[in-house]
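Data first, discussion second: the structure below is written as C-alpha cells.
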Amino acid sequence: MNVWYVLLIVAAAVALLLSCPVTVFAEYSEKLSLSVGYLFFRYSIVPKKQKKKKVKEKKAQAPKENSIQKLYRERGLSGFLTFLKKAAEIASGAAREIFSHTVFSLFQLSIRVCGEDAAEAALNYGRVCCVVSSGVGLLLGTAKCRDCRTDILPDFTSQESSVSFRAKARVAAFFLLKTALWAFFRSVKMIKAGKAAHTT
C-alpha cells in the first residue's frame, strides 16, 4: 500500500507542476527585453548576462559542412525543399497548438509613424497599418487576450518613427510538453521517411 501512496503523491505532484503556467514577459522601447518565468524561477533570454571568457588560441581548421549543406548535397534541391516544407508544417502546427492555449494578460503595441513630409508620413502610416493588422491578427487570432491594445498614429511633426511594445503571456506547462512531444515524434518520423527514401 505504501508504494501506491508514493505513486499517487508523485502523480499528483507531476500533475500540479504541469498545470502551472509558463509565463513570457516581453518589452521593447529602445532595447528588447525578453524573459521566461515558471513558478519562482525567472530566466532572462534577452539581454543575456555576459560572462567573462578566457581567450584561447585556436588552430585554424577547415570549415565543417553544416547539416543544411549536407542535406542539400545528399538529397538535391527537390529533397531539400520537401524536407523544408514538412519542417515548416510541423513548426506551424506546433505554434497553432501552443497559441490556442495561450492567454495574453497584457498586449500593448504603440507605433508613431513619421516621414520627411506629411505625404510620406501618410503613405508610411497606411503600410504600417496593413502589416501590423495582419501580423497582430495572425498572432492573436487563436490566443485569448484580456488587455490588448494597439495604437498606430501618424506623427507629422517628428522625423523619426518610434515603437513601444509590452506583452505578458502564459500557457500551461502541460500543453508545452504535449506540443514538444508531438513535434519531436513528427520530426523523427519525417527524418526516418527521408532516410528510407534516400536509400531506396
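May I ask you to verify whether R96 is basic (K, R) and under 30 Å from F175 (Cα atoms)? It is true that R96 is basic (K, R) and under 30 Å from F175 (Cα atoms). Taking the range 147-180 as the range and being under 30 Å from D117 (Cα atoms) and not in a loop (DSSP other than H, G, I, E, B) as the test, the residues that pass are R149, T150, D151, I152, L153, P154, S162, V163, S164, F165, R166. Note on the range 176-193: residues that are surrounded by 13 or more Cβ atoms within 10 Å (Cβ to Cβ) and aromatic (F, W, Y) amount to 1. Exactly one residue out of A193, A122, A183 is farther than 19 Å from V24 by Cα, in a helix (DSSP H, G or I) and without any contact (Cβ under 8 Å) to a residue 12 or more places away in the chain, and it is A193. If you go through the range 125-139 and keep only what is crowded, with 17+ Cβ neighbours inside 10 Å and more than 17 Å from Y28 (Cβ to Cβ), you end up with just Y125.
Values in this text are rule-based calculations from the coordinates and carry no lab data. Bear in mind that the values here come from a model prediction, so they are computed numbers and not experimental data. Cβ atoms come from the backbone with ideal geometry, glycine included; neighbour counts cover every protein chain shown.
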